[in-house]
């Protein structure tokens, strides 16, 4: 087998990988977006939607219902269309996940970062706040970080949020609270459209936002 044949075969493999990965991601993303349609009216009317390449889709609700002012939703998929990026994602422990970024009607009482240090986005978030000198503690198998002197308050707030958090998702990659907008950022695995009701899911998201905004 000469070098030309090898090059042609390699190009064919990579092009086939790209096509398969792109189609898979687009279909998986579109399926989840269709599932969301039953639940999104509980948050507000969708105003913008766009695919950012083949691995990220972004949807924004600019005028959301309370407890939100604005909600941005990102569907983040493995970069399955590029071979070496797929391998890197596997090594990093990356999987498909949702990101919710919310501007709340009432901001939270404290800044905090709760993240899974074993995940790609969790590690990144924890490293960023570690540079600010935030204090750290274990919280139910995740790492909790908050500004100095506020770790006990952050723990107390998370204890109060346990029920609405579990109603939304049994696993969290990241939950971030900030007194400045965006006030809430959540990273969770894709829900299973076959077993999860979209209206109940987005009602749980709304309930979590409302619980964060409450003053106790």
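Among the residues of the range 119-140, which ones are under 19 Å from residue 188 (Cβ atoms) and either part of a helix (DSSP H, G or I) or in contact (Cβ under 8 Å) with a residue 12 or more places away in the chain (or both)? I'd like the intermediate steps shown before the answer.
First, pick out the residues of the range 119-140 that are under 19 Å from residue 188 (Cβ atoms): 119-126, 139-140.
Those that are under 19 Å from residue 188 (Cβ atoms) and either part of a helix (DSSP H, G or I) or in contact (Cβ under 8 Å) with a residue 12 or more places away in the chain (or both): 119, 120, 121, 122, 123, 124, 125, 126, 139.
Consider residue 187 against the criteria (1) touching a helix residue (DSSP H, G or I) at 6+ places or on another chain (Cβ under 6 Å); (2) closer than 17 Å to residue 39 by Cα: it satisfies all of them except one. Which criterion is unmet?
Result: residue 187 fails condition (2) only.
Which one of these is surrounded by fewer than 16 Cβ atoms within 10 Å (Cβ to Cβ) and under 19 Å from the mean Cα position of the chain (by Cα): 143, 128? Explain how you work it out, then say what you get.
Numbers: 143 fails: surrounded by fewer than 16 Cβ atoms within 10 Å (Cβ to Cβ).
Every option except 128 fails the conditions.
Is it fair to say residue 183 is farther than 25 Å from residue 118 by Cβ, within 19 Å of the chain's Cα centre (by Cα) and either crowded, with 19+ Cβ neighbours inside 10 Å or free of Cβ contacts under 8 Å to residues at least 24 places away in the same chain (or both)? Quick ask: steps written out before the conclusion?
Values: farther than 25 Å from residue 118 by Cβ: yes; within 19 Å of the chain's Cα centre (by Cα): yes; either crowded, with 19+ Cβ neighbours inside 10 Å or free of Cβ contacts under 8 Å to residues at least 24 places away in the same chain (or both): yes.
It is true that residue 183 is farther than 25 Å from residue 118 by Cβ, within 19 Å of the chain's Cα centre (by Cα) and either crowded, with 19+ Cβ neighbours inside 10 Å or free of Cβ contacts under 8 Å to residues at least 24 places away in the same chain (or both).
So which of 158, 150 ends up being farther than 15 Å from residue 107 by Cβ, surrounded by 14 or more Cβ atoms within 10 Å (Cβ to Cβ), over 17 Å from the mean Cα position of the chain (by Cα) and in contact (Cβ under 8 Å) with a residue 40 or more places away in the chain? Steps first, please.
Numbers: 150 fails: farther than 15 Å from residue 107 by Cβ.
Testing whether each residue is farther than 15 Å from residue 107 by Cβ, surrounded by 14 or more Cβ atoms within 10 Å (Cβ to Cβ), over 17 Å from the mean Cα position of the chain (by Cα) and in contact (Cβ under 8 Å) with a residue 40 or more places away in the chain leaves just 158.
Looking at 65, 34 in this structure, which one is at pLDDT 85 or above and in a loop (DSSP other than H, G, I, E, B)?
Going through 65, 34 in turn, just one is at pLDDT 85 or above and in a loop (DSSP other than H, G, I, E, B): 65.
Restricting to the range 79-103, and then to whatever is crowded, with 19+ Cβ neighbours inside 10 Å and over 25 Å from residue 130 (Cα atoms), can you tell me which residue is modelled with the highest pLDDT?
79
The values are calculated or read from the model by the stated rules, or taken from the named source; none is laboratory data. This structure is a prediction, so every number in the text was calculated from the model and none was measured. No Cβ is skipped: glycine too gets one built from the backbone with ideal geometry, and neighbour counts run over all protein chains shown.
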